[in-house]
1. Give me Rg/Rg_expected for the range 134-181, where Rg uses Cα atoms only and Rg_expected = 2.2 N^0.38 Å with N residues.
2. Take the Cα coordinates of the range 107-187, assign each an equal point scatterer, and use the Debye formula without solvent to give log10 I(q)/I(0) at q = 0.17, 0.19 Å⁻¹.
3. So if each residue of separation counts as 0.36 nm, and I subtract the Cα-Cα distance between Asn72 and Val140, what length gain in nm does that give?
4. Search the structure for amide H atoms under 5 Å from the amide H of Ile10, placed 1.01 Å from N in the peptide plane, and list their residues when 5 or more places away or on another chain.
5. Please compare each pair in Lys71/Lys122; Lys43/Lys125; Lys125/Lys145; Lys87/Lys107; Lys71/Lys147; Lys32/Lys107 to a cut-off of 23 Å on the Cα-Cα distance and tell me which ones are over it.
6. Give me the percent of DSSP beta bridges within the chain that run antiparallel, rounded to the nearest 5.
7. Equivalent-ellipsoid semi-axes (√(5λ), Cα gyration tensor) for the range 4-186, whole Å, largest first?
Amino acid sequence: MANSKSLTGIILAGGKSSRMGQDKALLNFQGKRLIEYAIDQLKPLCSELLISVNQPGYEQIGLELIPDQYKNCGPVGGLHAALSASKTNWNLVVSCDTPFLNQQLFKLLLENREGVQAVIPKRDKGLEPLAALYHRNMSVFFEQKLKAGDYKLHRILKEADVKFLDVLELIAQFPKLFLNLNSPGDL
């Protein structure tokens with residue numbers, strides 16, 4: 001699919017988990033912690049995995065932990081810090097609370113990266129920027145937005161060199177593909 005030496009996996013686990021009431025990445029879901037789903041999804045494709053995180057408790061996982069350089073700025077802060085730390089041009093980014101992402105999605109993202117700085121899945125419910133492919137040069141774009149106080153990821157991505165990729169056919173095959181677990185009821 002892709003040369004694994006040219007791809008970094010980034011797991012976004014730096015959120016506040018306010019709806020869950022505790023750090024959701026470390027919660028058990030169907031026999032393993034949520035973050036382990038993300039690790040298992042990315043490991044076959046990536047030479048390196050990074051965790052974007054702003055709280056303790058992740059040291060035992062054994063992956064490089066990347067704190068936000070710009071605090072309390074949401075996913076834009078996490079994306080900026082992780083992409084800045086990446087050693088590869090291309091980076092598969094997943095949030096820690098989406099256990100049903102799959103290799104078919106990643107393959108589709110990688111096949112559509114030519115000539116753009118990011119490939120973002122688009123579906124009837126909107127964009128999925130936390131299950132996407134980003135070039136590390138996007139860290140410069142994100143830093144400009146952070147310095148300007150602009151933290152609305154969905155909006156600022158429309159100003160970037162991004163391909164919004166229709167994934168409706170993939171969702172028809174895998175209806176739970178982008179299901180994210182945000183509250184205790186979701187578990």
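Only the coordinates and a few stated rules stand behind these numbers; no lab work does. Because the structure is predicted, anything quoted here is derived from the model rather than measured.
1. 1.49
2. The calculated log intensity ratios at q = 0.17, 0.19 Å⁻¹ are -0.76, -0.89.
3. So the chain would gain 22.7 nm between Asn72 and Val140.
4. Residues meeting the criterion, in which the H sits 1.01 Å from N, are Leu50, Leu92, Val93, Val94.
5. On the way: Lys71/Lys122 28 Å; Lys43/Lys125 28 Å; Lys125/Lys145 25 Å; Lys87/Lys107 21 Å; Lys71/Lys147 12 Å; Lys32/Lys107 25 Å.
Result: Lys71/Lys122; Lys43/Lys125; Lys125/Lys145; Lys32/Lys107 exceed 23 Å.
6. Roughly 35 percent of the beta bridges in the chain run antiparallel, per DSSP.
7. Numbers: eigenvalues 93, 80, 56 Å².
Equivalent ellipsoid semi-axes, largest first: 22, 20, 17 Å.
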